[in-house]
């Protein structure tokens, strides 16, 4: 895995799993120098666990820290993590499985991880959907994901205890025409509302498109 630094344009090696579709799926930042990345190999989800690497020099060099969670069973996979930093030492990461999303937590900057919760017990059929995890300005966490069973759509949940427990599912959209949708990404706007973007479809045999939902996470 190579990371390209914009500043001076060298390639820096990150010790994540390798393969045709390997990658860094999320990054957690302490400051300009201290970074943690989490990634995995989408092409071989049963053979490689998501893993993490750490940099203390702004991404110029990286070191392997740890694996996250147990090795997936042959009928399971653990890929496409989305992470947020809770404090200078604590990170939570949400990981895609075939029909659900699990969360793991580290309180030593990624050196060790423990199972934390299941933010989305059901993401539908058809291989599930990856999470998008964001930390809101009031400290709560919001997670969004595609739902690939009827009614097809985009859903969300909120947590007020750093992801240990989650509120009821929030239906952002339930008008999808087919299961091929999702891969959401979310960000909190300056007015406190959340913008969630995703790919979507209206009918099975039509072009997919990028959609967006603006929603209020309340207080």
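Scanning segment 45-73 for residues that are farther than 15 Å from residue 24 by Cβ, modelled with pLDDT under 80 and over 19 Å from the mean Cα position of the chain (by Cα) returns a single hit, 47. Selection of segment 133-155 for residues being closer than 23 Å to residue 202 by Cβ, surrounded by fewer than 24 Cβ atoms within 10 Å (Cβ to Cβ) and touching a strand residue (DSSP E or B) at 6+ places or on another chain (Cβ under 6 Å) yields 153, 155. The set of residues in segment 106-135 being closer than 13 Å to residue 146 by Cα and over 16 Å from the mean Cα position of the chain (by Cα) consists of 124, 125, 126.
For every residue, the table says whether it meets (1) modelled with pLDDT under 95; (2) within 14 Å of residue 124 (Cβ to Cβ); (3) surrounded by 16 or more Cβ atoms within 10 Å (Cβ to Cβ).
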position	(1), (2), (3)
158	no, no, yes
163	no, no, yes
168	no, no, no
171	no, yes, no
175	no, no, no
181	no, yes, yes
188	no, no, yes
193	no, no, no
197	no, no, yes
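Evaluate segment 96-116: report whether one residue or more is under 20 Å from residue 195 (Cβ atoms) and buried (at least 17 other Cβ atoms within 10 Å of the Cβ). No, segment 96-116 contains no residue that is under 20 Å from residue 195 (Cβ atoms) and buried (at least 17 other Cβ atoms within 10 Å of the Cβ). Got at least one residue in segment 77-93 being modelled with pLDDT of 90 or more, crowded, with 19+ Cβ neighbours inside 10 Å, in a loop (DSSP other than H, G, I, E, B) and over 14 Å from the mean Cα position of the chain (by Cα)? Checked segment 77-93: no residue is modelled with pLDDT of 90 or more, crowded, with 19+ Cβ neighbours inside 10 Å, in a loop (DSSP other than H, G, I, E, B) and over 14 Å from the mean Cα position of the chain (by Cα). Scanning segment 109-151 for residues that are in a loop (DSSP other than H, G, I, E, B), over 24 Å from residue 39 (Cβ atoms) and without any contact (Cβ under 8 Å) to a residue 40 or more places away in the chain yields 121, 122, 139, 149, 150, 151.
The values are calculated or read from the model by the stated rules, or taken from the named source; none is laboratory data. Keep in mind that this is a model prediction, so the values were computed, not measured. With ideal geometry, Cβ positions are generated from the backbone for all residues, glycine too; neighbour counts draw on all protein chains shown.
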